[in-house]
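Have a look at the structure below before the remarks.
The numbers here are math on the coordinates, done by the rules we state, and not lab data. The structure presented is a predicted model; accordingly, all values stated were derived computationally and were not measured. Using ideal geometry, Cβ is built from the backbone for each residue, glycine included, and neighbour counts are taken over all protein chains shown.
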């Protein structure tokens, strides 16, 4: 079973604050993703990466930066947090370009921006 | 614009009934449709999936019916159990080749199975 670990589990910050969400996967997957989950919107892709040093823009990237430092580690950065970024954030990983590949999700980070 | 639509947003069935969750999409280029199941406090996990070349996929009590012409699919959960109570997400993949495969998710259906 693929393992994806997110930290912290919960985070509270203030408007304008600087936040980093961390994700580590230990299955040598090539692809890693950051999604946000909001009621009425489902899961929306923020950024994703297909290897160390690579970054691809997702569907809702505004206000977010991401960095893939190693095969295992993918970070999501909010440099000037706003209340609209209050959400449940999920990291996921997958092997690659398989015809019917599986995304493995972490347990999520709940971020509150006051 | 929601590219993947799900209905209903919430569904309640009795134990033993068949739950039917619906999904539709806009883009003919989608080629792969997984369904993810999410329990409270957890991340989504793959439940069952189908490729656009098939019209049906079964896995135990779970069946996907796929209609490519109408751009619709549905997840049928036979003999529903209280343990099936969860949020179910329909997703569709846009294949971007070497830049990776993006999954686009619907808003989810919250299923409640009453004993």
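Among A:12, A:60, which comes first, then next, by fewest other beta-carbon atoms within 10 Å?
A:12, A:60
Please report, to one decimal in angstroms, the Kirkwood hydrodynamic radius of chain B built from all distinct Cα-Cα pairs.
Radius from the Kirkwood sum: 14.3 Å.
Using 0.36 nm times the number of residues separating residue A:84 and residue A:62, minus their current alpha carbon distance, what extension gain do you get?
Computed gain between residue A:84 and residue A:62 is 6.8 nm.
Considering only region A:4-113, what is the antiparallel percent among its DSSP beta bridges, to the nearest 5?
Values: 35 of 39 bridges.
Once the DSSP bridges in region A:4-113 are tallied, antiparallel ones form about 90 percent.
Please find the FRET efficiency linking residue A:55 to residue B:7, where r is the Cβ-Cβ separation and R0 is fixed at 41 Å, and quote it to the nearest 0.05.
FRET efficiency, residue A:55 to residue B:7: 0.75.
Per the Kirkwood treatment, what hydrodynamic radius in Å, one decimal, follows for the protein assembly as shown from the mean inverse distance over all distinct Cα pairs?
18.1 Å
Want the number for residue B:54 to residue B:70: 0.36 nm per residue separation, take away the alpha-carbon distance, what's left?
Separation in residues times 0.36 nm, less the Cα-Cα distance, equals 4.4 nm.
Any chance you could run the full-extension gain for residue B:45 through residue B:17? It's 0.36 nm times the residue separation minus the Cα-Cα distance, nm to one decimal.
7.8 nm
If you scale each eigenvalue of the Cα gyration tensor by 5 and take the root, what three semi-axes come out for region A:4-113, rounded to whole angstrom and sorted largest first?
On the way: eigenvalues 101, 39, 32 Å².
They are 22, 14, 13 Å, listed from largest to smallest.
Just want to confirm a number: the relative contact order over chain A, from Cα pairs under 8 angstrom separated by 6+ residues, in percent. Kindly include the intermediate steps, with their values, before the conclusion.
Values: 302 pairs, mean separation 40.5, N = 114.
Relative contact order, chain A: 36 percent.
In peptide B:55-66, what is the residue-averaged number of other protein chain Cβ atoms found within 10 Å of each Cβ? Show your work: numbers first, answer last.
Values: counts 0, 0, 0, 0, 0, 0, 0, 0, 0, 0, 0, 0.
What the average comes to for B:55-66 is 0.
Per-residue Cβ counts within 10 Å, from other chains only, averaged over B:40-53: what number is that?
Average neighbour count from other chains, rounded to a whole number: 4.
Roughly how many whole Å is it from the C-alpha centroid of region A:22-98 to that of region B:24-72?
23 Å
Would you work out the relative contact order for region B:4-114, in percent, from Cα pairs under 8 angstrom that are 6 or more residues apart?
Answer for region B:4-114 is 37 percent.
For the pair residue A:38 and residue A:10, what calculated FRET efficiency results from E = 1/(1 + (r/R0)^6), where r is the Cβ-Cβ distance and R0 = 22 Å, to the nearest 0.05?
0.85
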